[in-house]
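Attaching a single structure in structure tokens format; questions to follow.
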């Protein structure tokens, strides 16, 4: 079976068929490109151990495959193995210096470990390589936001939004960008303005729990308890295990004088997160 034919199934996200075809190919375990494709398929199916095993075999056959290092690095990052992930992303870049996805994930991996200086360096380099990457601006905006550099974060989110409107990306849904712009408004206590962004995000994606949650918080700050309650309910309908929604809903109920219902919310938080200090304190 030609790899190009197998790739057509991968493009259609029919990973099970692709795996079956790869594994029925004679001597596929001795062909690095087939093992790379196999690793990608398993990773797409969230079968991390099998995916990494295939990638390891691929690299052992051909140590100059930038994509194999990138895929393995991404798997390591997902599993929280950040040191190995960094090593793999850097190896992918050493082989292919203009590997945009590797630069992006190198930055995201550094962001996860709160190494913001390294994250900014990697993502800024990606922007130099590709000034039209909405994901790069969005990711750098998140770094700035966590550094409390609100002006810089807003600039990057707005740039990401501009690019996204011109050329929508499957990798970065526009609703994520809109949601973060709403959070920027919240950080400035511009709660009415934030609602515009959250409304647009929900209009694009009606199943976006975080947008409902953040919109609920803006309504809460504006003392619009009715709409806040509706949004808290919608958040929890979409994700019953979202502890912050239970916590902030409980805080609002306390403010409304509904102490017993608030207590139930805080107890729900502790079912999900038994060490949550805020919920423990509020239950005293």
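Bear in mind these aren't lab numbers, they're just calculated from the coordinates by the rules spelled out. All values derive from a computational prediction rather than experimental measurement. Quick reminder, even Gly has a Cβ in these numbers, built from the backbone with ideal geometry, and neighbours come from all protein chains shown.
For segment 135-284, calculate the relative contact order in percent as a whole number, restricting contacts to Cα pairs under 8 Å that are 6 or more residues apart.
Worked out over segment 135-284, it gives 12 percent.
Can you tell me, using C-alpha contacts under 8 Å and at least 6 residues apart, the relative contact order of segment 41-183 as a whole percent?
This gives 13 percent for segment 41-183.
I need to check one value: relative contact order of segment 1-63, counting alpha carbon pairs closer than 8 Å and at least 6 residues apart, in percent.
Value for segment 1-63: 29 percent.
Still on this structure: Suppose each label sits 7 Å from its Cα in the direction of the beta carbon; what would the residue 221-residue 24 distance come out to in nanometres?
The modelled label-to-label distance comes out at 5.8 nm.
Using the 10 angstrom Cβ neighbour count as an exposure proxy, how do 215, 90 rank, fewest first?
90, 215
How far, in nm, would the chain grow between residue 50 and residue 147 when pulled straight, counting 0.36 nm per residue and subtracting the alpha carbon separation?
My answer for the length gained is 31.2 nm.
Restricting to DSSP H runs of at least four residues, report the calculated mean residue ellipticity at 222 nm for the chain, -39500 (n - 2.57) per run over all residues, nearest 500 deg cm²/dmol.
-24000 deg cm²/dmol
Go ahead and set up a Gaussian network model of the chain, Cα springs under 10 Å, then flag whichever of 206, 110, 153 fluctuates most.
206
Need one number: nm distance between label points at residue 4 and residue 60, each 7 Å from Cα along Cα→Cβ, rounded to one decimal.
Between residue 4 and residue 60, the label points sit 3.1 nm apart.
Can I ask one more? Report the calculated FRET efficiency for residue 87 and residue 260 (r = Cβ-Cβ distance, R0 = 51 Å), to the nearest 0.05.
0.45
Can you pull the one-decimal nm distance between simple spin-label points at residue 116 and residue 12, each 7 Å off the Cα toward Cβ?
So the two model labels end up 4.7 nm from each other.
Candidates (i) -0.68, -1.17; (ii) -0.50, -1.12; (iii) -0.63, -1.20; which is the computed log10 I(q)/I(0) by the Debye sum over Cα atoms at q = 0.10, 0.15 Å⁻¹?
Label of the calculated value: (i).
Here is a further query. Of the candidates 33, 207, 259, which one comes out as most mobile in a Gaussian network treatment of the chain with C-alpha springs shorter than 10 Å?
259
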